[in-house]
């Protein structure tokens, strides 16, 4: 028993130290990046004929509410040479028809090779209007997952750099220039992937597919996720990128080297955690091929996405994320503590395994045990309250650090009352951790008892924020 | 892993049950939190650290909130001062440029730029203005810059850390001050990519002051890789700042592969076809990427005779380079290449090469289209699908 108690003690202690360590590491890396970035001019790369062409891949399933605005935003991105491939993944609504009517699409005799297996491509549509000459709409049978849709696009896209996005995200106008920068400047190692910061769209004012006014979400749940996202992107991924242990490029927006992606077989269609799985697969492939590579991360906001604002949608999303995490870790267990994979095998993978997968389970277990102690009257209340106060104060300390990061980096929420609101949210946040732990446990149970793969659906309001 | 997942869930449930059967008060007493430690004669329990930590965390949080709010107030105040000062500077600068006698304005500038912050703001304003001025007003603004002894601030920056150096270099080329070019050469091989890039831009831009010098002389001295990012930035300077364009083939034999690639790109951009033999030599470069770019340039410059001569390389090249050879032939759109292209179609399996070869034939004009129409009737291979794809005008 004492062994178990000691294990829990050290587990908690290590988590706390790791979070503080990652935070400190991120602070230093972020400071350096921001300082250097203030001298960078992205306009040159956006307009230069020397900039490499890019293919943007936007899968769409039943997106009739937002698809036209999204495509128009994509076509208006500030970059000289890119194509947009929209994949209609067997939508049962009017997505394809709307695209056809708005952009005057016609079915073409497009020849392609199924380099990566995917569901049948029924047709490739292009516009007769020259203004939309860089738009390709691919119509295919539903493959049951976003991964299959991206694989289909990989078979027809022509450029060496691809950007995968969620078609309902709002992309920052200079996101392509920012994402392409690491691919243009790295010389010793091949850059195989780059990701950036995803911001929360809820309550922002959007006009013609562009953000007109950034607002802190009015509802509590999305506001809570502002803290969560900022913490994950600025404290977590920034540090892991510099430690060469980055395992995830968000599906909302990421840039990849097409050749590497095709060589390692594209996205996995048998699972649900395609975002993480594809990064792990590409990294593993490069190591196995003895090739020097990097996966990089830019601490700049690249796109805005709507997050769940009700508990049911949040539960669906988080359950799916947990299942995706387990699925991705499962497929690459070979990397676990394997020195061949360097820092990723020795640090990144074990961190995700122990602290992302196991930690919520431990938390849930602790909660149940505490309830049991409370019910049986055998709890040491003074000690319990002290520990709770410690964890609570640590949690709000970490959140206030996050707010500071937000302030010195993006500074997107301009009103003073927004900062105060974020602080107040951070005071409530620790009490809801158990809710997220419950979603994680639910994901574990669903995964253990064999749930099927599917596109996750989050309730959206079609761009009316 | 599903088994592993089940195992972990089972482990957690068993752990929970085992807790159930244990005495809890005892468990807590066994905790490390309550163990006593002695350090430097002082004994304490870990639980004591909890108290200190709680107070510290809450204090830090309150301090952070205050810092953020104070910082906001400071930023707003600074912005207000900056905006006010900028309006005054812009107004004065316009008056200064309009009038012949500027004694009053000069005195006014001296009065306004009383602190280092205010002087820096004036330097930035003058630099931004100078970048877009024709020669005569530029000379006038340069005079003001020297009269106010702002050059001292710029030169001091060149001795500072990298970011100050960058600021100083930007000011140098905005105001066309070429007397620090020797220092700039020191930095073209700097480990700091931003400093390196600014030094390169400054050297190219300031060459306007010395018509006898070669603006790209630094290319011969470049030992570090010349990244595509740097190349793009420099090319934009060339486009926007009316730089004399040299014959880029002079660096095609550079030992720095990235310099060779930059020169090939510039040869293509400025259509420097005179030294096509040197470009052709680059097609036998040891670096695969240089060769690929050379094929591309031969195609873009429509140097069909050179492309014809490198047909032999097609067999031995990598897949990507073979695609580029055929793509080059397509851009050259030369009838004499058709027999070779047909042979490629007959022997190739790669869909990418097939499409490019068919497209190359189509792009030769009516004769090519006639050949494709004949091939359309053939059942051999996937000709029909590929030719229909190529002839579909909607697919670019």
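The values are calculated or read from the model by the stated rules, or taken from the named source; none is laboratory data. Values in this document were obtained by computation on a predicted structure and should not be read as measured data. Because the Cβ atoms are built from the backbone with ideal geometry, glycine has one as well, and the counts that use them run over all protein chains shown.
Quick notes on this one:
- Scanning region B:106-143 for residues that are over 34 Å from the mean Cα position of the chain (by Cα) and surrounded by 19 or more Cβ atoms within 10 Å (Cβ to Cβ) yields a total of 2.
- Look at (1) in contact with a helix residue (DSSP H, G or I) (Cβ under 7 Å, 6 or more places away or on another chain); (2) surrounded by 15 or more Cβ atoms within 10 Å (Cβ to Cβ); (3) more than 8 Å from chain B (Cβ to nearest Cβ) and you find that residue A:339 fails only one, number (2).
- Those residues of region A:392-403 which are without any contact (Cβ under 8 Å) to a residue 60 or more places away in the chain and either facing chain B (nearest Cβ under 7 Å) or out of contact with any helix residue (DSSP H, G or I) (no Cβ under 7 Å at 6 or more places or on another chain) (or both), in sequence order: A:393, A:396, A:397, A:400
- Residue satisfying condition, being surrounded by 12 or more Cβ atoms within 10 Å (Cβ to Cβ) and closer than 30 Å to residue A:37 by Cβ, within set B:89, B:96: B:89
- Those residues of region A:424-443 which are within 14 Å of residue B:68 (Cβ to Cβ) and touching a residue at least 24 places away in the same chain (Cβ under 8 Å), in sequence order: A:426
- Residues (crowded, with 21+ Cβ neighbours inside 10 Å and either assigned to a helix (DSSP H, G or I) or without any contact (Cβ under 8 Å) to a residue 40 or more places away in the chain (or both)) located in region A:132-154: A:146, A:147, A:148, A:149, A:150, A:151, A:152, A:153, A:154
- Within region A:357-385, residues that are more than 10 Å from chain B (Cβ to nearest Cβ) reach partners that are part of a helix (DSSP H, G or I) with beta carbons closer than 6 Å, at six or more positions or on different chains, in the pairs A:360/A:437; A:360/A:440; A:363/A:437; A:367/A:434.
- Filter result (crowded, with 16+ Cβ neighbours inside 10 Å and either over 22 Å from residue A:41 (Cβ atoms) or touching a strand residue (DSSP E or B) at 6+ places or on another chain (Cβ under 9 Å) (or both)) within region B:156-179: B:178
- Number of the exception - residue A:77 against (1) touching a strand residue (DSSP E or B) at 6+ places or on another chain (Cβ under 9 Å); (2) assigned to a helix (DSSP H, G or I); (3) at pLDDT 90 or above: (2)
- For region B:376-395, a residue qualifies if it is assigned to a loop (DSSP other than H, G, I, E, B) and either under 21 Å from residue B:298 (Cα atoms) or more than 9 Å from every other protein chain (Cβ to nearest Cβ) (or both), and the qualifying residues are B:377, B:378, B:379, B:380, B:381, B:393.
- A residue that is touching a residue at least 24 places away in the same chain (Cβ under 8 Å), part of a helix (DSSP H, G or I) and surrounded by 19 or more Cβ atoms within 10 Å (Cβ to Cβ) occurs somewhere in region A:259-268.
- Of everything in region A:22-56 that is assigned to a loop (DSSP other than H, G, I, E, B) and within 17 Å of residue A:77 (Cβ to Cβ), the residue that is nearest to the other protein chains (Cβ to nearest Cβ) is A:48.
- Selected residue (criterion: surrounded by the fewest Cβ atoms within 10 Å (Cβ to Cβ)) from residues of region A:278-321 that are under 16 Å from the mean Cα position of the chain (by Cα) and part of a loop (DSSP other than H, G, I, E, B): A:308
- Number of residues in region A:186-215 that are surrounded by fewer than 21 Cβ atoms within 10 Å (Cβ to Cβ) and assigned to a loop (DSSP other than H, G, I, E, B): the value is 10.
- Listed here are the helices (runs of 4 or more DSSP H) enclosed by region B:309-375 that have at least 3 residues being over 23 Å from residue B:290 (Cα atoms) and touching a residue at least 12 places away in the same chain (Cβ under 8 Å): B:338-347, B:351-362.
- Selected residue (criterion: farthest from the other protein chains (Cβ to nearest Cβ)) from residues of region A:112-124 that are under 19 Å from residue A:159 (Cβ atoms) and in a strand (DSSP E or B): A:121
- Qualifying residue in region B:68-88 (condition: over 30 Å from residue A:410 (Cβ atoms) and either touching a helix residue (DSSP H, G or I) at 6+ places or on another chain (Cβ under 6 Å) or assigned to a helix (DSSP H, G or I) (or both)): yes
- The residues in region B:356-371 that are within 14 Å of chain A (Cβ to nearest Cβ) and surrounded by fewer than 21 Cβ atoms within 10 Å (Cβ to Cβ) can be counted, and the count is 1.
- Some residue of region B:276-294 being under 24 Å from residue A:45 (Cα atoms), within 21 Å of the chain's Cα centre (by Cα), in a loop (DSSP other than H, G, I, E, B) and within 14 Å of chain A (Cβ to nearest Cβ): no
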